[in-house]
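**Q** The structure follows.
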Amino acid sequence: MLTANCSIRTEFQDSGFTYNDACPVNGTSASTDATVSTAAKESTPTTASTAATASTPIKINDTETLSKIGRHPDYPLDGTYQQTADIVVTKDYQSIGNATHPFTGEYDGQRRTISGLSDCLVDTLKQGNISRLGFTDTHINSTKTTGVAACTANGTVSDIWAENVHISTSGDNAYAGIGAGLVGGGGMVTNTTAVNSTVATSGENALAGIGGGGVFGTVANTSAVNSRVETSGENAHAGIGGGERFWNGCQHHGSEQHGRNLGYKCTRRHRGGGLFGSKERLPTPRR
């Protein structure tokens, strides 16, 4: 288990690393506070038309319209969407897209909220983006790599906030994060805020973080208030920004100071909180 109690904000980037010392690390668990429940379901979207354009976004105002994305010809996976009301999803909600049919469009939450998710909002994000969206009163229990905004992000997730959001995964290589469970090489998670929330994993190599669990891409500007990140498996690292960062053969690591955290390029293995856990090659995430 990894633990580190840090205050408001952490950040890591691909280049221009500097290091500021300060976030205390205790044993085997990295902390800011959070939790999530209910089993995950894989969705199989139907082939959709290209009904929406950037100039004519499709309005999403309830669970019914949200559930149509990728499953109805008028709600394509490459569409442009705007959320116009707070949404409480029903228990049968299924994530948007999947590994073979990713979401490649734009979803602008317009600072509205989605509550009650039992799985990721988007299963696989590829080149698209999710922005300006809040998540509340969410409990996710899963056996696969899981995030709140996206399970896997190879696009951009930005300006996301979570309050009373709790994610828990069990099983080897089952990453967990609020921005995304896995931030791929083409992915970016920026400006993520967690309040009274928890991210927890149990399983070997089950990485966990507020921004992302396993991070090949970029995570920046991660804030956590009364939140916690916790892992309990072998080589399962926990951090505020991400559980583990892998870049050109080396993980990046940092520590909290004055509410801001900047990473630095490392040459040796680090365990514990701050930005990342350890320098070990990322295993294939469990899906």
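**Q** Take the Cα coordinates of segment 119-159, assign each an equal point scatterer, and use the Debye formula without solvent to give log10 I(q)/I(0) at q = 0.27, 0.32 Å⁻¹.
**A** -0.96, -1.15
**Q** Which distance in nm do the two modelled labels at T56 and R111 give, with both placed 7 Å along the Cα-to-Cβ direction?
**A** Distance between label points: 2.9 nm.
**Q** In addition: From the square roots a ≥ b ≥ c of the eigenvalues of the alpha-carbon gyration tensor of segment 129-225, which class results: rounded (a/c under 1.5), prolate (a/b over b/c), or oblate? Please report the intermediate quantities before stating the final value.
**A** Numbers: a/c = 1.82, a/b = 1.13, b/c = 1.61.
Oblate is the answer for segment 129-225, as a/c is 1.5 or above yet b/c matches or exceeds a/b.
**Q** Using a ≥ b ≥ c from the Cα gyration tensor of segment 54-114 (square roots of the eigenvalues), is it rounded, prolate or oblate, where a/c under 1.5 gives rounded and otherwise the larger of a/b and b/c decides, a/b for prolate?
**A** On the way: a/c = 1.73, a/b = 1.09, b/c = 1.58.
Verdict is oblate for segment 54-114.
**Q** May I ask you to give the percent of accessible area on segment 151-253 that is carbon plus sulfur, with a probe radius of 1.4 Å?
**A** Numbers: 990 of 2370 Å².
Carbon and sulfur: 42 percent of the exposed surface of segment 151-253.
**Q** For the pair T84/A99, report the inter-label distance in nm, with labels modelled 7 Å from Cα in the Cβ direction.
**A** In this crude spin-label approximation the distance works out to 3.7 nm.
**Q** With the Cα gyration tensor of segment 72-180 giving a ≥ b ≥ c as the square roots of its eigenvalues, does the rule (a/c under 1.5 for rounded; else a/b larger than b/c for prolate; else oblate) give rounded, prolate or oblate?
**A** Numbers: a/c = 1.56, a/b = 1.17, b/c = 1.33.
Because a/c hits 1.5 or more and a/b fails to exceed b/c, segment 72-180 counts as oblate.
The values are calculated or read from the model by the stated rules, or taken from the named source; none is laboratory data. The shown structure was predicted, so the numbers you read here are calculated from the model rather than taken from an experiment. Every residue, glycine as well, gets a Cβ built from its backbone with ideal geometry; the counts of neighbours run over all protein chains shown. Protein only, heavy atoms only, side chains kept; ligands, DNA and RNA dropped before computing areas. Shrake-Rupley method; radii C 1.70, N 1.55, O 1.52, S 1.80 Å.
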